[in-house]
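Engineer: Structure provided below as structure tokens; questions to follow.
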Amino acid sequence: MELFTLWLWPLIALLVLPGLLVYFGLHVVERGVIFVDLALAQIAALGVCVALAMGAEAHHSLLPYAMAVSFTLIGAALFAWTRFRHARVPQEAIIGIVYVVAAAAATLVLSHTAEGDEALKNLLVGNVLLVTKGEVLRTAALFAAIGLVHLLLRRRFLLVTFDEDAARAQGVRLRLWDFLFYATFGITVTSFVQITGVYLVFSYLIVPAVCGALLTAGVQARLAIGWAVALVAGVSGLLISVYGTSLDLPTGPTIVCCFGFLLAISGVVVKLRR
């Protein structure tokens, strides 16, 4: 089949890589910082833009990735530091401000480069069909390492996210654990942005987690539902864009719309249960 020859590595990327993003999505939704992933993805994109403005090539140089990771770690430190309880300034406001400033800065940085508009579009929408075997294997190895860290420290990460008061009572250093969470989360987002773009990263993080939260309360069940939603949306979007040649649909936006469709179905299921 054409799917297993021409589009083998895009298919593998959509089957293997989103699992870690769905896990992080559960944390993000539970923490109520929905747009932190979008902000970190945009900060990573800003790092790539700076590298491009310095003359680096997006897919043939280490500099864009190094800059994206560096910018993301700065963002992780900022979000860990701004975790405070202020009656008039919620952290979500800080996250929104960081996002819009990073987006504006990216536009400014690329405004004087020849490929500015095209590069910015690629960072937002991405093109998973262009992913290579090397990119998939490197990203999968990185995700496996990050996943192992979270597996070994899962009790502390889950405590900080799902029972913050208990974590405070136990004397857990919240800012330190927040930084570890945002740093590993940011590196994950940075790597996936390089392959799929900002919009698809946001969809993989939030929509599966929201579908799981709508349909069940248990963390493990939500994770299983999220993985299933990510699998169905990714493969469906890829098949529609590849085989719907008469429609000539871009893959990333098609997958995002599939996520929206699955979220609507989840909402209908919740209504029918009542």
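The values are calculated or read from the model by the stated rules, or taken from the named source; none is laboratory data. Not measured: the values here are computed from a predicted model. Cβ sites come from the backbone with ideal geometry, for glycine too, and all protein chains shown count toward neighbours. These accessible areas exclude ligands, DNA and RNA; they are computed on the full protein's heavy atoms, side chains included. Shrake-Rupley method; radii C 1.70, N 1.55, O 1.52, S 1.80 Å.
Engineer: Taking the simple approach of a point 7 Å from Cα along Cα-to-Cβ for both residue 118 and residue 268, what is their distance in nm?
Structural biologist: Each label point lies 7 Å from its Cα, and together they span 4.1 nm.
Engineer: Can you name the helices of the chain, as whole DSSP H runs, whose Cα span along the helix axis is 30 Å or more and whose Kyte-Doolittle mean is not below 0.0? Show your work: numbers first, answer last.
Structural biologist: On the way: long enough: 174-196 (31 Å, 1.05); 219-243 (36 Å, 1.65); 251-273 (33 Å, 1.57).
Helices passing the filter in the chain: 174-196, 219-243, 251-273.
Engineer: Divide the volume of the convex hull of the Cα atoms of the range 41-191 by its number of residues and quote the answer in cubic angstrom per residue.
Structural biologist: Value for the range 41-191: 118 Å³ per residue.
Engineer: Sticking with this one: Quick one: pull the percent of accessible area on the chain belonging to carbon and sulfur, 1.4 Å probe, ligands and nucleic acids left out.
Structural biologist: Details: 9140 of 13360 Å².
C and S atoms contribute 68 percent here.
Engineer: Would you mind putting 142-150, 195-203 in packing order, based on average other-beta-carbon counts within 10 Å, highest first? Let's see the in-between values first.
Structural biologist: Working: 142-150: 14.9, 195-203: 24.9.
Top to bottom by mean Cβ count within 10 Å: 195-203, 142-150.
Engineer: Using only alpha-carbon positions, what ratio does the radius of gyration of the chain give when scaled by 2.2 N^0.38 Å? It would help to have the intermediate numbers written out before the result.
Structural biologist: Working: Rg = 18.6 Å, N = 274, 2.2 N^0.38 = 18.6 Å.
Computed over Cα atoms of the chain, the ratio equals 1.00.
Engineer: While we're on this one: Among 167, 40, 181, whose Cα sits farthest toward the positive end of the charge dipole of the chain (+1 at Cβ of Lys/Arg, -1 at Cβ of Asp/Glu, about the Cα centre)?
Structural biologist: The listed residue farthest towards the positive side: 167.
Engineer: Where does each of 254-265, 162-173, 7-18 land if you order them by average Cβ count within 10 Å, highest first? If you can, show how the numbers build up before the last one.
Structural biologist: On the way: 254-265: 18.1, 162-173: 11.8, 7-18: 20.5.
With the highest mean Cβ count within 10 Å placed first, the list reads 7-18, 254-265, 162-173.
Engineer: What nm distance separates the two modelled labels at residue 247 and residue 141, each placed 7 Å from Cα along Cα→Cβ?
Structural biologist: Placing both labels 7 Å along Cα→Cβ, they lie 3.7 nm apart.
Engineer: Could I ask something else about it? Quote to one decimal, in nm, the extra length available between residue 93 and residue 175 on full extension: 0.36 nm per residue of separation minus the C-alpha distance between them.
Structural biologist: On the way: separation 82, 0.36 × 82 = 29.52 nm, distance 1.84 nm.
Extra length from residue 93 to residue 175 when fully extended: 27.7 nm.
Engineer: A further question follows. Between residue 6 and residue 166, with labels modelled 7 Å along Cα→Cβ, what's the label distance in nm to one decimal, could you check?
Structural biologist: Label-label distance for residue 6 and residue 166, simple model: 5.2 nm.
Engineer: Now a separate question. Quick check for me: using +1 on Lys/Arg Cβ and -1 on Asp/Glu Cβ, what's the dipole size of the chain about its Cα centre, in debye to the nearest 20? Intermediate results must be reported in sequence, preceding the final value.
Structural biologist: Details: 17 positive and 14 negative charges, 228 e Å.
Charge dipole of the chain: 1100 debye, to the nearest 20.
Engineer: What's the magnitude of the charge dipole for the range 143-274 around its Cα centre, counting Lys and Arg as +1 and Asp and Glu as -1 at the beta-carbon? Answer in Debye, nearest 20. The partial results should precede the final answer.
Structural biologist: Details: 10 positive and 5 negative charges, 89 e Å.
It works out to roughly 420 debye.
Engineer: Apply 1/(1 + (r/R0)^6) to the Cβ-Cβ distance of residue 214 and residue 149, taking R0 = 35 Å, and write down the FRET efficiency to the nearest 0.05. Let's see the in-between values first.
Structural biologist: On the way: r = 29 Å, r/R0 = 0.83.
Taking R0 as 35 Å, the efficiency between residue 214 and residue 149 is 0.75.
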